[in-house]
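I have placed the structure first, in the form of structure tokens, so that the comments after it can refer back to it.
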Amino acid sequence: MRILVVCQYYSPEPFRLTDICEALVQQGHQVTVVTGTPNYPEGEIYPGYEKGRHAHEVIQGVEVYRCPIIPRKQGAVYRFLNYYSFVLSASRQLRRMQEDFDVVFVNQLSPVMMAQPGLSWAKRHGKRCVLYCLDLWPESLLVGGISKNSPIYKVFLRISRGIYRRADKLLVSSHGFLPYFQEVLGMDPAQIGYLPQYAEDLFGAASAEMPQKDTVDFLFAGNVGNLQAAETIVEAARLLKDEKNIRIHIVGGGVSLEGCKALAAGLENITFYGRRDLQEMPGFYAMADMLLISLVKDPGLSANLPGKVQSYMAAGKGIVGSINGETARIIREADCGLCAPAEDPQALAQVLRQAAADPESRKRWGENAGKYYRDNFRKEVFLEKLQAVLEENCMK
């Protein structure tokens with residue numbers, strides 16, 4: 001197949017879409033990606049990509065077109081400009097392109113508007129579009145303090161409904177999304193399919209036997225942003241500051257990182273490493289006894305299943321969650337760790353104590369996590385399902 005992929009984020013930004021596209025090329029497909037200039041998560045253009053550098057390149061067989069955008073920086077105004085600058089820039093890029101494609105694949109994170117250029121191209125050329133929903137809109141806006149009764153929410157509800165309904169096939173990464181699309185947006189269940197994420201191959205190497213040591217190490221890995229509520233982890237660390245056997249490690253960058261560092265001032269039981277290359281992550285995972293995940297307390301956002309859950313499980317490590325909703329359900333179903341309610345530092349501190357005191361359970365949780373991943377989230381199963389959906393919607 002000749003596949004056009006549209007997504008605002010791509011390598012070197014830390015998203016799984018890069019691995020998906022390269023795997024599709026390895027399967028014999030021709031993949032072209034239209035994306036933005038990399039600036040996530042810190043909100044500044046990556047060094048080496050300024051002023052249109054690397055605007056057109058081939059990475060591991062994937063042809064990549066990078067559209068100029070306004071970087072995210074910080075604050076609602078810049079984020080709004082960032083979102084819409086991609087929509088306009090990608091639309092211009094697609095109008096200039098002469099290539100023909102058999103199907104369009106939109107990898108939809110935030111914002112939902114990133115799907116518009118791909119949907120418009122598909123309609124203009126009489127092709128079909130498959131949209132993979134990883135962030136639920138407009139529910140994601142509620143986390144930023146926007147009310148459901150506000151004009152902003154109502155405008156984006158109308159925009160989101162129009163975008164999702166225009167897709168020929170909608171794939172969702174979480175079971176928690178299904179009721180929203182059917183009950184709130186009124187979509188036909190036959191239009192919607194379930195496709196959970198997977199972990200990149202390199203994470204399977206992290207489950208090595210742990211050496212003897214005096215500490216129990218808990219690792220949070222990934223974006224440290226407004227939605228991740230990493231401040232809850234820092235506050236839990238403060239409550240555990242006198243328990244010398246518990247150490248917390250935070251690997252990742254984002255808009256909340258500096259605030260978390262300031263909040264952790266004076267604490268010796270928490271270490272920040274900043275954003276690291278994907279290839280370094282198995283080493284961090286191998287060092288950890290258990291892995292940490294947190295999210296803000298929001299019903300819509302809690303319906304999401306963050307992609308790091310699959311990476312954590314693939315590493316064969318148990319999980320401690322400060323999280324509600326679908327992720328907590330999966331952790332309980334897999335019997336692979338413990339959960340505290342979202343944004344509750346005292347409850348999180350208590351489950352960290354419980355996990356640190358129980359090495360036998362930590363071993364069992366890790367084994368259960370690996371088994372659940374192999375049974376439900378393997379890359380081979382993901383690619384098989386995705387290719388089948390793309391082929392069903394392919395118009396040559």
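With the condition kept exactly as written, say whether any residue in the range 253-261 is closer than 21 Å to G366 by Cα, assigned to a loop (DSSP other than H, G, I, E, B), not assigned by TED's automatic domain parsing to the domain that holds P179 and not hydroxyl-bearing (S, T, Y).
Checking the range 253-261: not a single residue is closer than 21 Å to G366 by Cα, assigned to a loop (DSSP other than H, G, I, E, B), not assigned by TED's automatic domain parsing to the domain that holds P179 and not hydroxyl-bearing (S, T, Y).
If A357 meets every condition in (1) in contact with a helix residue (DSSP H, G or I) (Cβ under 6 Å, 6 or more places away or on another chain); (2) surrounded by fewer than 21 Cβ atoms within 10 Å (Cβ to Cβ); (3) hydrophobic (A, V, I, L, M, F, W, C) apart from one, which number is that one?
(1)
Can you name the residue in the range 257-296 that is within 17 Å of the chain's Cα centre (by Cα), of a type outside the set (V, I, T) and at pLDDT 90 or above and, of all such residues, is surrounded by the most Cβ atoms within 10 Å (Cβ to Cβ)?
L291
To keep it simple, each residue is scored yes or no on (1) farther than 19 Å from K241 by Cβ; (2) in contact (Cβ under 8 Å) with a residue 60 or more places away in the chain; (3) of a type in the set (V, I, T); (4) out of contact with any Phe, Trp or Tyr (no Cβ under 7 Å at 6 or more places or on another chain).
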residue	(1), (2), (3), (4)
E258	yes, no, no, yes
A262	no, no, no, yes
E268	no, no, no, yes
F284	yes, yes, no, yes
A288	yes, yes, no, no
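Only one of (1) farther than 18 Å from L109 by Cβ; (2) surrounded by fewer than 16 Cβ atoms within 10 Å (Cβ to Cβ) is not met by P68, so which one is it?
(2)
Yes/no matrix, rows are residues, columns are (1) of a type in the set (D, E, K, R); (2) in contact with a His (Cβ under 9 Å, 6 or more places away or on another chain); (3) not assigned by TED's automatic domain parsing to the domain that holds Q191:
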{"residue": "L352", "(1), (2), (3)": "no, no, yes"}
{"residue": "P359", "(1), (2), (3)": "no, no, yes"}
{"residue": "R362", "(1), (2), (3)": "yes, no, yes"}
{"residue": "E367", "(1), (2), (3)": "yes, no, yes"}
{"residue": "Y372", "(1), (2), (3)": "no, no, yes"}
{"residue": "L383", "(1), (2), (3)": "no, no, no"}
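Kindly indicate which of D100, D135 is more than 24 Å from P299 (Cβ to Cβ) and touching a helix residue (DSSP H, G or I) at 6+ places or on another chain (Cβ under 8 Å).
D100
Could you check the range 230-242 and list, in sequence order, the residues that are surrounded by fewer than 20 Cβ atoms within 10 Å (Cβ to Cβ) and in a loop (DSSP other than H, G, I, E, B)?
Once the filter is applied, which keeps residues that are surrounded by fewer than 20 Cβ atoms within 10 Å (Cβ to Cβ) and in a loop (DSSP other than H, G, I, E, B), the range 230-242 yields K241, D242.
Within the range 297-326, how many residues turn out to be surrounded by fewer than 23 Cβ atoms within 10 Å (Cβ to Cβ) and in contact with a Lys or Arg (Cβ under 9 Å, 6 or more places away or on another chain)?
Qualifying residue count, the range 297-326: 2.
For the range 123-199, list the strands (runs of 3 or more DSSP E) that sit wholly inside it and hold at least 2 residues that are more than 21 Å from the chain's Cα centre (by Cα); which are they?
Where strands (runs of 3 or more DSSP E) fall fully within the range 123-199, none carries at least 2 residues being more than 21 Å from the chain's Cα centre (by Cα).
Looking at the structure I just gave you, is V33 buried (at least 19 other Cβ atoms within 10 Å of the Cβ) and without any contact (Cβ under 8 Å) to a residue 40 or more places away in the chain?
In short, yes.
From the list A55, A90, pick out the single residue that is of a type outside the set (S, T, Y), buried (at least 18 other Cβ atoms within 10 Å of the Cβ) and in the same structural domain as T18 (by TED's automatic domain parsing).
On the way: A55 fails: buried (at least 18 other Cβ atoms within 10 Å of the Cβ).
Just a single option satisfies the conditions, and that option is A90.
The values are calculated or read from the model by the stated rules, or taken from the named source; none is laboratory data. Being a predicted model, the structure only gives us computed values, none of them experimental. Virtual Cβ from ideal backbone geometry, glycine too; neighbours counted across all protein chains shown.
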